Structure formats: structure tokens, C-alpha cells
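The values are calculated or read from the model by the stated rules, or taken from the named source; none is laboratory data. Note that the coordinates shown come from a computational prediction; the quantities given were computed from them, not determined experimentally. Here the Cβ is made from the backbone with ideal geometry for all residues, glycine too, and neighbour counts use every protein chain on show. What goes into the accessible areas is simple: the full protein's heavy atoms, side chains included, and nothing from ligands, DNA or RNA. Shrake-Rupley method; radii C 1.70, N 1.55, O 1.52, S 1.80 Å.
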Amino acid sequence: MYVCPVCNGLTAVTQTCPKCQHSMDHQGRLVDFMGDYIAYLEYEGTKLIDGDEESTNQHTCVHLYACPSCGEELDISIKEVRE
Ligand SMILES: [Zn+2]
Ligand SMILES: [Zn+2]
């Protein structure tokens, strides 16, 4: 199975703000912010592209980063690794 190395504490991703070059704070997983809404969207999307294994299972985990200096927010797709 695939696991996200950031969620599992295997690695820390340091992200630099594209606007001011300040190092950004890790806010957590995007799904934790969106909650049930994004889970619902993903479920619906999976149904729509039924049969396309590659596009429905991309093995990425989206993390949210915010810049404490200018307030810029970034969604970063973390590639999941095989456990
Ligand atoms: Zn993750
Ligand atoms: Zn910034």
C-alpha cells in the first residue's frame, strides 16, 4: 500500500514562499480543512471516471502550507511512497 511520507512523519517538506521567499508553515492535510466536502467530491469523481485506474489513484496527498510573513497559501501534492 501507499503512504504519505509527510503524514507519517517520514520526511518533512520545507516549502519556500513564492512571493517573499520566507519559509512556509505546514498547516496539515488539505482534506482536514475541507472535511467531508472534498471526500464527497473525490467519491463522485471516482464514480465518473470509472475504470480508469491510473487517474483515479494517483497516490498523492495534498498538504496545505501558509506563509507567516505575507499570508500566501499553497497546496502541495506529496507523492506517496510504497510501504
Ligand atoms: Zn499526507
Ligand atoms: Zn510569503
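Name every residue in the stretch 9-53 that is within 16 Å of ligand 2 (Cβ to nearest atom) and either at pLDDT below 55 or open to solvent by 100 Å² or more (accessible area, probe 1.4 Å) (or both), in order of residue number.
Here is the first cut: in the stretch 9-53, the residues within 16 Å of ligand 2 (Cβ to nearest atom) are 14-27.
Within the stretch 9-53, Thr14, Lys19, Gln21 qualify.
Among residues of the stretch 60-71 that are over 13 Å from Gln27 (Cα atoms), those with a beta-carbon under 7 Å from a residue that is among the β-branched types (Val, Ile, Thr) and assigned to a strand (DSSP E or B) at least six positions away or on a different chain give the pairs Thr60/Ile78; Cys61/Ile78.
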